[in-house]
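Below: the structure, in structure tokens.
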Amino acid sequence: MQPQVRTSVRPWSPMPLFVAFVVSSLVVGCSMPSTEETPEALAVSRAAAVIQDANFADSVFVGGLRGPTTMTFAPDGRLFISEKNGSLRVVENGQLLTTPFMTLAVDTDNERGLMGVAFDPNFAHNHYLYVYYTSVDGSIHNRVSRFTANGNVVVPGSELVLADFPTLDAANHNGGAVRFGLDGKLYVSVGENAVSSNSQSLNTPLGKLLRFNPDGSIPTDNPFYATATGLAKATWAMGLRNPFTFDVQPGTGILFINDVGEGGWEEINRGQAGANYGWPMTEGYFTNRPELTQPFFAYPHGSGNAAGNCIAGGAFYNPPISAFPGAYVGQYFFADYTNDWISRIDPNSGVRSLFATGVPGPVDLDVGPDGALYYLARGEGQVGRIAYTASLPPSIAQQPASTLVSVGYAATFTVSASGEPPLTYQWQRNGVNISGANTPSYVLNAAQLTDSGARFRVVVTNGLGSTTSAEAVLTVTSNKPPVATIVTPAAGATYTAATNLTFSGSASDAEDGALPPSAMTWSIIFHHDTHTHPGMTDTTGISSGSWPIPNVGESSTNVWYRVRLTVRDSIGLTDTTYRDVLPVTVPLQVTTVPSGLQVLMDGQPFTAPHATSGVVGGIRSVGVDSPQYASGKFWAFSSWSDGGAQSHTFITPGSAATYTATFAEVSGGSCYKIQSERTDKWLTVDIAGKVLAGSATQAGGQIFQLVPNGTKYKLKGSGDAFMTVVSNQLAMSANFSSAESFTQLPCGYGGRTRVGFQASSGSAPHWKETTPDGPIQSGDGGNGGACNATSGTAWEGFYLEPVSCPGSGTGPVCGNGTVESGEQCDDGNTSSGDGCDSTCHIETGSAGCFRIQSERSDKWLTVDGAGKVAAISTTQPGGEVFELVTSGTKYKLKGASGAYLAVVANQLTVNATLGTAEPFTRHDCGVYGGRNRYGFESSTGTARNWKEVTTGAPIQSGSGGNGGICNPADGGSWEAFYLEPATCPGGSP
């Protein structure tokens, strides 16, 4: 990269419109090649795709767009085009209308702005259309709204907000497509906002394909409606990174989702209700993950026509009247934005064929009512049209434009034509043929003043006829282009994240002298490898300024910022220069003890040790799954070397750093043989790995180890095989990370341990021996409801008989919620920092001992014979001494008897163990009367803050205390308490 590059150019038209083309590299959802195009190049550029079949021809349908992002044909044939700046443009009868349909207030940072548009299936009668855009209403967030059309403009005040998505952290990975399915529902693709964990969380709508009713309500038959929260209930499919475009096939309803990749692959995913496409655990094709859905098609990152870097457009070819040969009907067309090609794929066979190359930055595709394929060429600000031209005479779609150049500069004239090939071109000057001018573009090198006023046109001919273009007039001036100079950033400047990128410059002109700030236009473009993302949009009228560099988003170090300055003189001549600013980077390493376990770096799994690098100041995330299984042993997370939580973020430091996750070996879980209630036979595993009730004796049954995984269980069989659900049947074909997590449901009955097991997804997820001697069913093939504790004949019930685990005894199982021999505590998990560590030993840690005084009665808390806590003592020495034991960020309170504080019937009661004690949040209420004043809040309830509701009665909490926390400004609020340090029983203060 050179420190500064200058391109002096002449304007492409006598009209001062060229500023719109100074920066055309801003794109929503994808990146683009890093080659710099000057306004001159942009002015004469045209749709110039090379179609693989010579019977097709490419032409410009319409130009003059600014930052187009998506396009959609209305049912009446008009074309609606979204521009990043918030303008929704209309093309009617082949003409781009001057007045936008509407212009929304949007945030345009990076990949934000106006994106998808969809038309109501009943648009002809209700005139509704639906729009996805980045709103600045309150916070910066993406929004889906419905508007009402009145001809070619919006009905003022008709916006109906259907969904406001969460406030954006990063400015990229927004998704943004909207389409109606054949079921009449509105489908919306939403990116994960550069937070990869969002894709797998059912507490956020990010990283999903959503499904709404047209009024914005959420259909109750959505696959995750019952398990998700908030807007995430609209989730129809999950595990997506940045699904920028998708399409629904007319007639069949097949839905293909284009998901923009990260490090190696671009994906087309076949839409399925309840599908999980695997991001960030997987990208592209994968193996041994039966709970995830494979991409329908994936292609690798790289150069050439078989690879790419950004899948950005998709459309099924099923127009009302086909204009392409029959072999193309039903095919799915898709484009790669950075490699400039369009391909097609058979949705049945998966056979992919290259369709066109040299497509200038295709960001969207659509099929028009005329049966042509249209593409949105973002870099050119044009819509291209690819038509089947067999037996058609030539026609001109884009006429040559009049232009102005300086003496000695080249003048270029371009035409876009279609018709049955081959097409021949003959350019004319003042009506006379120009020798050798036989291509779609004609260049007059080193124009002179004597060339001014010359008229240029072209005659296009094929075997069926000819047509002549309109004339374009050349104007030549003796004025020289201006000179742009960037002062700051200086050559060789570097940056760190979360700082300001400052810039300043000047402009001079031979005829005009020093040019004012109004002649300057600045932009900042973020480069990633061979692609770009938007930074600061075109800003005119300043000679200096600054732009905040974000600290979230792209985690790669192969990045830099390009500051561009374009200046214009009084007659419209321009000069463009730029300066590159590189990042300050450091090496990072993530390790585990023991080595070789899996870590999550920015949500993606890697085997430790994992080496990477980062931009100083950038926010990264690191985490681990727990427990893990490796080398025949189970391991539970204990701690990170930086003291962070199991999954946490960190700011990339200024020097090399290593982050180490330490694990402790755990037993993994108790072992059982499992008996089917239907046939009384014991579960076995056949040669194909299927699980069936195949043994008449307990001795012949398979031993299964139930490994706690949060509140669920993974089942381990022989060796390293774990249970999963394949084609709705239980199978021992997974590893630990890919194994299905089952919910165990107690069923009671008959004095034995009778349970049901429920898979995490499916319409009939409960285990069921549907057919005797056949594989146990689950997923969509099991039972729709849980086992029935009052019924001894329900076939979804199974008996658990404890047995010794292979190679071990029947020792305690840490994490099962039961305190067994050798354990000091067991709180149902293997996490540290909550009072009970990963080996089920009580965690040490004390915040000291205190006597506590109620603010209401000024009496000191005591404990009565029933363990109730009340403010009874009038003297401090008569108060109970409580030890505050740290429990993560909360506290458990230990009384003098050694028992811990709990909330029983909304009253504070000292009757619990460390494992069952209530963890309280302590709120600082400020100093009142010269003393430290605090509030305590339980973890559940509607009125959780401690309160002496009635003097002398037990202190209330849970649902009987105060609804709000203590008020530092209110000395009479009864929910506050004073802490006075005291000596711990048998110890020190």
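The values are calculated or read from the model by the stated rules, or taken from the named source; none is laboratory data. Owing to the predicted nature of the structure, the values given are computational and were not obtained by experimental measurement. Virtual Cβ from ideal backbone geometry, glycine too; neighbours counted across all protein chains shown.
Here are the numbers for this structure:
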quantity: Qualifying strands (runs of 3 or more DSSP E) (wholly inside region 536-603; at least 2 residues being not aliphatic (A, V, I, L, M)); calculated: 544-548, 559-568, 574-583, 585-593
quantity: Residue satisfying condition, being surrounded by 18 or more Cβ atoms within 10 Å (Cβ to Cβ) and assigned to a loop (DSSP other than H, G, I, E, B), within set 762, 756; calculated: 762
quantity: Subset tally (residues that are of a type in the set (A, V, I, L, M, F, W, C) and within 22 Å of residue 236 (Cβ to Cβ)) for region 763-781; calculated: 1
quantity: Filter result for residue 621 (closer than 20 Å to residue 734 by Cβ, touching a residue at least 40 places away in the same chain (Cβ under 8 Å) and buried (at least 16 other Cβ atoms within 10 Å of the Cβ)); calculated: no
quantity: Enumeration of residues in region 774-798 that are touching an Asp or Glu at 6+ places or on another chain (Cβ under 7 Å) and either modelled with pLDDT of 85 or more or not assigned by TED's automatic domain parsing to the domain that holds residue 718 (or both); calculated: 776, 797, 798
quantity: So residue 715, is it under 35 Å from the mean Cα position of the chain (by Cα), closer than 24 Å to residue 780 by Cβ, modelled with pLDDT of 90 or more and not in a loop (DSSP other than H, G, I, E, B); calculated: yes
quantity: Selection from region 379-416 of residues that are under 44 Å from the mean Cα position of the chain (by Cα), buried (at least 23 other Cβ atoms within 10 Å of the Cβ), of a type in the set (A, V, I, L, M, F, W, C) and in a strand (DSSP E or B); calculated: 383, 386, 387, 413
quantity: Qualifying position, being among the charged types (D, E, K, R) and without any contact (Cβ under 8 Å) to a residue 60 or more places away in the chain, among 948, 937, 883; calculated: 937
quantity: Any pair with Cβ under 8 angstrom, 6 or more apart, that starts in region 499-518 at a residue that is farther than 19 Å from residue 570 by Cβ and in contact (Cβ under 8 Å) with a residue 40 or more places away in the chain and ends at one that is outside any strand (DSSP E or B) and of a type in the set (Val, Ile, Thr); calculated: 499/549; 500/549; 501/549
quantity: Tally, over region 433-473, of residues that are hydrophobic (A, V, I, L, M, F, W, C), more than 29 Å from residue 55 (Cα to Cα) and surrounded by fewer than 14 Cβ atoms within 10 Å (Cβ to Cβ); calculated: 2
quantity: Hits in region 304-343 - residues which are in a loop (DSSP other than H, G, I, E, B) and of a type in the set (A, V, I, L, M, F, W, C); calculated: 306, 307, 310, 321, 323, 324, 329
quantity: Where residue 603 falls short, out of the listed (1) over 19 Å from residue 171 (Cα atoms); (2) at pLDDT below 95; (3) in contact with a Ser or Thr (Cβ under 7 Å, 6 or more places away or on another chain); calculated: (1)
quantity: Tabulated pairs, region 553-565, first closer than 14 Å to residue 582 by Cα, second modelled with pLDDT under 90 and assigned to a loop (DSSP other than H, G, I, E, B), C-beta under 6 angstrom, 6+ apart or interchain; calculated: 558/529
quantity: Condition met for residue 658 (of a type in the set (Ser, Thr, Tyr), within 28 Å of the chain's Cα centre (by Cα), at pLDDT 90 or above and buried (at least 19 other Cβ atoms within 10 Å of the Cβ)); calculated: no
quantity: Check on residue 349, surrounded by fewer than 19 Cβ atoms within 10 Å (Cβ to Cβ) and either at negative phi or among the hydroxyl-bearing types (Ser, Thr, Tyr) (or both); calculated: yes
quantity: Qualifying positions in region 233-255 - crowded, with 23+ Cβ neighbours inside 10 Å and either touching a Cys at 6+ places or on another chain (Cβ under 8 Å) or of a type outside the set (Ser, Thr, Tyr) (or both); calculated: 234, 236, 237, 238, 240, 241, 242, 243, 244, 246, 247
quantity: Sole exception among (1) part of a strand (DSSP E or B); (2) farther than 30 Å from residue 442 by Cβ for residue 467, by number; calculated: (2)
quantity: Positions within region 920-942 being crowded, with 20+ Cβ neighbours inside 10 Å and either among the small types (Gly, Ala, Ser) or assigned to a loop (DSSP other than H, G, I, E, B) (or both), in sequence order; calculated: 935, 938
quantity: Flag for residue 21 being of a type outside the set (Ser, Thr, Tyr), modelled with pLDDT of 90 or more and either within 30 Å of residue 448 (Cβ to Cβ) or in contact with a strand residue (DSSP E or B) (Cβ under 8 Å, 6 or more places away or on another chain) (or both); calculated: no
quantity: Test for residue 258: is it out of contact with any helix residue (DSSP H, G or I) (no Cβ under 8 Å at 6 or more places or on another chain) and either of a type outside the set (A, V, I, L, M, F, W, C) or over 24 Å from residue 347 (Cβ atoms) (or both); calculated: yes
quantity: Qualifying residue in region 843-857 (condition: closer than 20 Å to residue 635 by Cβ and modelled with pLDDT under 90); calculated: yes
quantity: Filter result (of a type in the set (S, T, N, Q), touching a strand residue (DSSP E or B) at 6+ places or on another chain (Cβ under 8 Å) and either in a loop (DSSP other than H, G, I, E, B) or modelled with pLDDT under 85 (or both)) within region 943-966; calculated: 951, 957
quantity: Filter result (among the polar types (S, T, N, Q), farther than 18 Å from residue 863 by Cβ and at pLDDT below 85) within region 899-938; calculated: 932
quantity: Residue within region 71-82 that is modelled with pLDDT of 95 or more, of a type in the set (S, T, N, Q) and crowded, with 16+ Cβ neighbours inside 10 Å present; calculated: yes
quantity: Any hit, region 162-183, residues being touching a helix residue (DSSP H, G or I) at 6+ places or on another chain (Cβ under 9 Å), buried (at least 24 other Cβ atoms within 10 Å of the Cβ) and closer than 22 Å to residue 316 by Cα; calculated: no
quantity: Those residues of region 282-307 which are at positive phi and buried (at least 16 other Cβ atoms within 10 Å of the Cβ), in sequence order; calculated: 284
